[in-house]
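The values are calculated or read from the model by the stated rules, or taken from the named source; none is laboratory data. The model shown is predicted, which means the values in this text are computed figures rather than measured ones. Positions of Cβ are generated from backbone atoms using ideal geometry, with glycine treated the same way; all protein chains shown enter the neighbour counts. We work out accessible area using only protein heavy atoms, side chains counted, and drop any ligands, DNA or RNA first. Shrake-Rupley method; radii C 1.70, N 1.55, O 1.52, S 1.80 Å.
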Amino acid sequence: MKSLSMQFFKKIKQHKNFLLFIFLFGYAHSIQIRFLIRQKISWYLFTPEAAIMTFLSSGLFFYIMLILIKRWQKSTYFSIPEALKIFSTSILIYLFILKISGFIIAFSFDNIERNFNLKTFTNALVSNLIDAFIYGSFFLAYYYHLKNKKYQNELAKYSLALSENKMNQLKTQLNPHFLFNNLNILDQLIEEDKIKASDFLNDFAEIYRYVLDVNPKKVVKIEDELNFIHKYFSIIEHKYGNAFLLSVEENKKAINKYIPPLAIQLLLENVIKHNLGTEKNPIQITIQINDAIIVSNNVKKKQNLNLHSGKGLQNLKEQYALLSKQKILITETSNQFTIILPIISNEFTYENSHY
């Protein structure tokens, strides 16, 4: 019994605003009717007993509708045929209960003739029917509003779960991609220079630790990514010497904002993969960080471009599609290639955008 009463009061508290609205509406309605009948203002106009009875009878009607909704409603969204069926049946049951209760009370006080003559019965029935339409409409509107709100929340959670899953899939693709490309470099260095290969391996172990650390994260600070980029470029220099040169121009305020992990590294890797740099004619890579991240380089394309699938860049585009509404911009001329990455200002932008 105690648990039932606690659940009852919990429900009352949960829907207190709606119940208060029903009571105040009934109270205002009772004042209006009394004034229309008496045509004068008196203390009787403001007594609450009529409003209390209306509130209690409305509660009975709501309870009947709720039982029928739980029993008959099949669809997860608002259905007009179902709503009409529930509403009309609830009204019939409600009126039947009211009249039976009224008859029992009238019989107990020997007032059947007074309360159940044709005129009184008809007037009371019409009044009860109008009240049922008014308060029942309020209840259905409120009920389906809550149901729709719950459905939208569940839809948002489902959408977030799908996005999370997609993001994890993209990262799963990216990390092996990063590992595979650098192991290829290591394999080539082992054949060419074992000392360089050993130094490369040490540097690679350090930067791959960063890769593992950021793996569960959706975004990272630009400052952290830049520190990683400098270490990553050092292993590029192990392989290519001065065939590729890097310069970074950064705004100190901007580096405290966010981007997807390994985003800049992916662009550097893309430059190296598609261009043929030499120490006499190096590829100059410039990273500018301000309102956006601009990565540009002069172009000296390799001949065997068909070997490159472009999956890494597509992967990054898909990550941005999940993280924000901003898009990656790409511009290319015969001698210059530029990619602009949007900056994510808030670490929690991704989570907030799904609720």
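Let me make sure I get this right: for the range 1-158, a, b and c are the square roots of the gyration tensor eigenvalues over alpha carbons, sorted descending. Under 1.5 in a/c it's rounded, otherwise prolate if a/b > b/c, else oblate. Which is it? Spell out each step's value before the answer.
Working: a/c = 1.97, a/b = 1.64, b/c = 1.20.
Here the range 1-158 falls in the prolate category.
For the range 188-283, just say rounded, prolate or oblate: build the C-alpha gyration tensor, square-root its eigenvalues into a ≥ b ≥ c, call rounded for a/c under 1.5, and beyond that prolate if a/b exceeds b/c, oblate if not. Before the final figure, lay out the partial values.
Details: a/c = 2.33, a/b = 1.44, b/c = 1.62.
Cα axes put the range 188-283 in the oblate bin.
Could you give me the ³J(HN,Hα) list for the range 20-33, computed from phi with Karplus coefficients 6.51, -1.76, 1.60 and θ = phi - 60°, whole Hz, x at Gly and Pro?
5, 4, 4, 5, 5, 5, x, 5, 5, 5, 5, 5, 4, 4
Could you go through the range 94-108 in sequence order and give the Karplus-derived ³J(HN,Hα) for each residue, using 6.51 cos²θ - 1.76 cosθ + 1.60 with θ = phi - 60°, rounded to whole Hz, and x for Gly and Pro?
Karplus-based 3J(HN,Hα) across the range 94-108 equals 4, 5, 4, 5, 4, 5, 5, 4, x, 5, 4, 5, 4, 5, 5 Hz.
Taking K and R as +1 and D and E as -1, what net charge do the other residues with C-beta under 15 Å from the C-beta of Thr278 add up to?
+3
On full extension of the chain, what length is gained from Asn153 through Ile330, given 0.36 nm per residue of separation minus the C-alpha to C-alpha distance?
On the way: separation 177, 0.36 × 177 = 63.72 nm, distance 3.62 nm.
Once the chain is fully extended between Asn153 and Ile330, it gains 60.1 nm.
Send over the semi-axes of the range 78-152's equivalent ellipsoid, whole angstrom and largest first, taken as the square roots of 5 times the C-alpha gyration tensor eigenvalues. Can you show the working numbers first?
Numbers: eigenvalues 226, 25, 19 Å².
Computed over the range 78-152, the values are 34, 11, 10 Å.
Keeping all protein chains in the complex and leaving out DNA, RNA and ligands, what accessible area do you get for Leu276 with a 1.4 Å probe, in Å² to the nearest 10?
110
Would you kindly compute the Cα radius of gyration of the range 15-71 and its largest Cα-Cα separation (Dmax), both in Å?
14.0, 47
Which whole-Hz ³J(HN,Hα) couplings does the range 222-235 yield from phi under the Karplus relation 6.51 cos²θ - 1.76 cosθ + 1.60, θ = phi - 60°, glycine and proline marked x?
After applying 6.51 cos²θ - 1.76 cosθ + 1.60, I find 4, 4, 5, 5, 5, 4, 5, 4, 4, 5, 5, 5, 5, 6 Hz.
I want the local charge near Gln73. Using Cβ-Cβ distances under 12 Å, sum +1 for each Lys or Arg and -1 for each Asp or Glu among the other residues. Write down the numbers at each step before the final one.
Working: positive: Lys70, Arg71, Lys74, Lys85, Lys147; negative: Glu82.
Here the count lands on +4.
Please give the solvent-accessible surface of Lys194 in Å², to the nearest 10, using a probe radius of 1.4 Å with every protein chain present.
About 150 Å², ignoring ligands and nucleic acids.
Ranked from the most accessible area to the least, with a 1.4 Å probe and all protein chains present, what is the order of Arg38, Arg114?
On the way: Arg38 120, Arg114 170 Å².
The ordering from most to least exposed comes out as Arg114, Arg38.
Over 32 Å between C-alpha atoms is what I'm after, so list which of Lys253/Lys302; Lys150/Lys257; Lys231/Lys317; Lys40/Lys85; Lys149/Lys253; Lys196/Lys325 land there.
Long pairs (Cα-Cα over 32 Å): Lys253/Lys302; Lys150/Lys257; Lys40/Lys85; Lys149/Lys253; Lys196/Lys325.
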